[in-house]
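Encoded as structure tokens, the structure appears first; notes follow it.
The values are calculated or read from the model by the stated rules, or taken from the named source; none is laboratory data. Bear in mind that the values here come from a model prediction, so they are computed numbers and not experimental data. Cβ: placed from backbone, ideal geometry, glycine included. Neighbour counts: every protein chain shown.
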């Protein structure tokens, strides 16, 4: 699969990218978790800053630098149910994205992701002969476990809950025959570019993915890669796009089998009713990612 992704974006000023160390994302991730969990209570700036142990003024600067938007704007998009608004466009959003390709209007930025699928034989061997380097890294949406082969990122999961051993076990299960090497220095530059993607920031060069899946899963993931940043589509939209209009349930299974969170944006698929559910890393995490994308898109 030679899948590509283009994003509709407003360029974020360079000063918004002042988080120079990945560990600087830690209070941003904790704040986003807090705001998502307490969205109905509408926490104040002071309450959120106290939760992460910073002064309100310093927290405001750190959050805006790390997330690209203010805490207030992020909370507004959580409360506004932006996923439902995005669904009003539904199929038209997806169709427009597919037809735009890599040329399109000036709102389309350069190619960001390129992915390479394993051959059927490689898929069956579950990573046999591959070395996978991994590390835990703080990101704007919380702590992640990210891993990569020499060909590209092969795993990215949210790792806030359950402890490191649980997340390592899940990754090793999906790549059961591979050799694993803890190497944070190797994955940190990849993580930084992945976080740029999560915040719709322009990348200097494409970030490569290395995926393994059945032919049907690969078709679904390729369709996911073409959903515009900040948009949502339904399982039915994806089924129609891959030429299997009655395969909503199978599409849902393929979406849930995605091993690379955010970069293969399975979070952008929701029910036709607008309800957000069924996310491998939890509904709250999915709501946070969607709210972030909507807020950044409107910034």
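Kindly indicate whether residue 41 is out of contact with any helix residue (DSSP H, G or I) (no Cβ under 7 Å at 6 or more places or on another chain) and at pLDDT 90 or above. First the steps, then the outcome.
On the way: out of contact with any helix residue (DSSP H, G or I) (no Cβ under 7 Å at 6 or more places or on another chain): yes; at pLDDT 90 or above: no.
No.
Considering the range 223-265 alone, what residues qualify as being part of a loop (DSSP other than H, G, I, E, B) and out of contact with any strand residue (DSSP E or B) (no Cβ under 9 Å at 6 or more places or on another chain)? Don't jump to the end; show me each part of the working.
Initial filter on the range 223-265 (part of a loop (DSSP other than H, G, I, E, B)): 225-232, 242-247, 257-259, 261-265.
Within the range 223-265, 242, 243, 244, 245, 246, 247, 257 meet the criteria.
Collect the residues in the range 213-222 that are within 18 Å of the chain's Cα centre (by Cα) and either part of a loop (DSSP other than H, G, I, E, B) or more than 11 Å from residue 118 (Cβ to Cβ) (or both), keeping them in residue-number order. Quick ask: steps written out before the conclusion?
Residues of the range 213-222 that are within 18 Å of the chain's Cα centre (by Cα), as a first pass: 217-218, 220-222.
Once the filter is applied, which keeps residues that are within 18 Å of the chain's Cα centre (by Cα) and either part of a loop (DSSP other than H, G, I, E, B) or more than 11 Å from residue 118 (Cβ to Cβ) (or both), the range 213-222 yields 217, 220, 221, 222.
Quick check on residue 218: is it out of contact with any helix residue (DSSP H, G or I) (no Cβ under 9 Å at 6 or more places or on another chain) and either assigned by TED's automatic domain parsing to the domain that holds residue 65 or surrounded by fewer than 22 Cβ atoms within 10 Å (Cβ to Cβ) (or both)? Show your work before the answer.
Working: out of contact with any helix residue (DSSP H, G or I) (no Cβ under 9 Å at 6 or more places or on another chain): no; either assigned by TED's automatic domain parsing to the domain that holds residue 65 or surrounded by fewer than 22 Cβ atoms within 10 Å (Cβ to Cβ) (or both): yes.
Here the answer is no, as residue 218 does not meet what is asked.
Take the residues in the range 266-299 that are free of Cβ contacts under 8 Å to residues at least 60 places away in the same chain and part of a loop (DSSP other than H, G, I, E, B); name whichever of them is farthest from residue 191 (Cα to Cα). Quick ask: steps written out before the conclusion?
Filtering the range 266-299 down to residues free of Cβ contacts under 8 Å to residues at least 60 places away in the same chain leaves 266-269, 271, 273, 275, 277-279, 283, 286.
Adding the requirement that they be part of a loop (DSSP other than H, G, I, E, B) leaves 271, 273, 275, 277-279.
Details: 271: 30, 273: 34, 275: 30, 277: 26, 278: 25, 279: 21 Å.
Taking the candidates together, the pick is 273.
Which of (1) touching a residue at least 12 places away in the same chain (Cβ under 8 Å); (2) closer than 25 Å to residue 290 by Cβ does residue 162 not meet, given it meets every other one?
Failing condition for residue 162: (1).
Give the residue, chosen from 166, 145, that is under 14 Å from the mean Cα position of the chain (by Cα) and within 30 Å of residue 74 (Cα to Cα).
On the way: 166 fails: under 14 Å from the mean Cα position of the chain (by Cα).
Answer to the check: 145.
So residue 200 clears everything in (1) assigned to a helix (DSSP H, G or I); (2) in contact with a helix residue (DSSP H, G or I) (Cβ under 6 Å, 6 or more places away or on another chain) except one condition, right? Which one?
Among (1) assigned to a helix (DSSP H, G or I); (2) in contact with a helix residue (DSSP H, G or I) (Cβ under 6 Å, 6 or more places away or on another chain), the lone unmet condition for residue 200 is (1).
When you go through 198, 192, 177 one by one, which is the residue that is out of contact with any strand residue (DSSP E or B) (no Cβ under 8 Å at 6 or more places or on another chain), surrounded by 16 or more Cβ atoms within 10 Å (Cβ to Cβ) and at pLDDT below 95? Spell out how you get there, then give the answer.
Details: 198 fails: out of contact with any strand residue (DSSP E or B) (no Cβ under 8 Å at 6 or more places or on another chain); 177 fails: surrounded by 16 or more Cβ atoms within 10 Å (Cβ to Cβ).
Testing whether each residue is out of contact with any strand residue (DSSP E or B) (no Cβ under 8 Å at 6 or more places or on another chain), surrounded by 16 or more Cβ atoms within 10 Å (Cβ to Cβ) and at pLDDT below 95 leaves just 192.
Which count do you get for residues in the range 124-156 that are assigned to a strand (DSSP E or B) and surrounded by fewer than 19 Cβ atoms within 10 Å (Cβ to Cβ)?
So the first thing to find is which residues in the range 124-156 are assigned to a strand (DSSP E or B), and the list is 131-139, 142-149, 152-156.
From the residues that got through so far, the ones that are surrounded by fewer than 19 Cβ atoms within 10 Å (Cβ to Cβ) too are 131, 136.
Going through the range 124-156 one residue at a time, the tally reaches 2.
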